[in-house]
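The values are calculated or read from the model by the stated rules, or taken from the named source; none is laboratory data. Predicted model only: the values in this text are computed from it and were never measured. FYI the Cβ positions are ideal-geometry reconstructions off the backbone, even for glycines, and counts take in every protein chain you see. These accessible areas exclude ligands, DNA and RNA; they are computed on the full protein's heavy atoms, side chains included. Shrake-Rupley method; radii C 1.70, N 1.55, O 1.52, S 1.80 Å.
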Amino acid sequence: MKTVFNSSLLLLFMLLMGCAENSNKSKQTDINQADNVSVEISIEGMSCMSCVANVQKTLSDLNGINEVKVSLENKNATLHYNPNIISIDKIKQSINEIGYNAGTVKKLSQ
């Protein structure tokens, strides 16, 4: 009986901690969404879908970038990022480091 009671308490504790953790993540996401900036960056040197995938993965892996769409046809990337976490210069540098040329940045209306 004691083991069942201890197991029940442990399960209840884990459930409550999970709920509190999810609540904090939700608040953090709301804060990040409020600080988001949307931009379009021209990218020279992409010639195939493998290039698109490479740019997509590189940008998606950067802390502070929340959404990325890369277009081979338009030769650009549209992204939402938090300038309090990452700068546009760091984003452009990351594109350049993988062999492409990040060009002009156009801020999109929110």
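Pairs meeting the criteria (first residue in region 26-54 and closer than 23 Å to Leu108 by Cα and open to solvent by 80 Å² or more (accessible area, probe 1.4 Å), second residue at pLDDT 95 or above and of a type in the set (Phe, Trp, Tyr), beta carbons under 9 Å, at least 6 apart or on different chains) are Glu44/Tyr100. Among residues that are open to solvent by 60 Å² or more (accessible area, probe 1.4 Å) and out of contact with any helix residue (DSSP H, G or I) (no Cβ under 8 Å at 6 or more places or on another chain), Asn63 is included. A count restricted to region 68-110 and to residues that are within 13 Å of Ile41 (Cβ to Cβ) and either among the polar types (S, T, N, Q) or part of a helix (DSSP H, G or I) (or both) stands at 16.
Return yes or no: is Phe5 at pLDDT below 60, surrounded by fewer than 10 Cβ atoms within 10 Å (Cβ to Cβ) and over 18 Å from the mean Cα position of the chain (by Cα)? Yes: the conditions hold for Phe5. Could you tell me whether Lys75 is on the phi > 0 side of the Ramachandran plot, at pLDDT 95 or above and open to solvent by 60 Å² or more (accessible area, probe 1.4 Å)? Taking the combined requirement at face value, the residue satisfies it. Look at region 71-83: where a residue is of a type in the set (S, T, N, Q) and a partner is buried (at least 16 other Cβ atoms within 10 Å of the Cβ) and part of a loop (DSSP other than H, G, I, E, B), sitting 6+ places away or on another chain with Cβ atoms under 7 Å, you get Asn82/Asn36; Asn82/Gly64.
Could you count how many residues in region 51-67 are outside any loop (DSSP other than H, G, I, E, B) and of a type in the set (Asp, Glu)?
1
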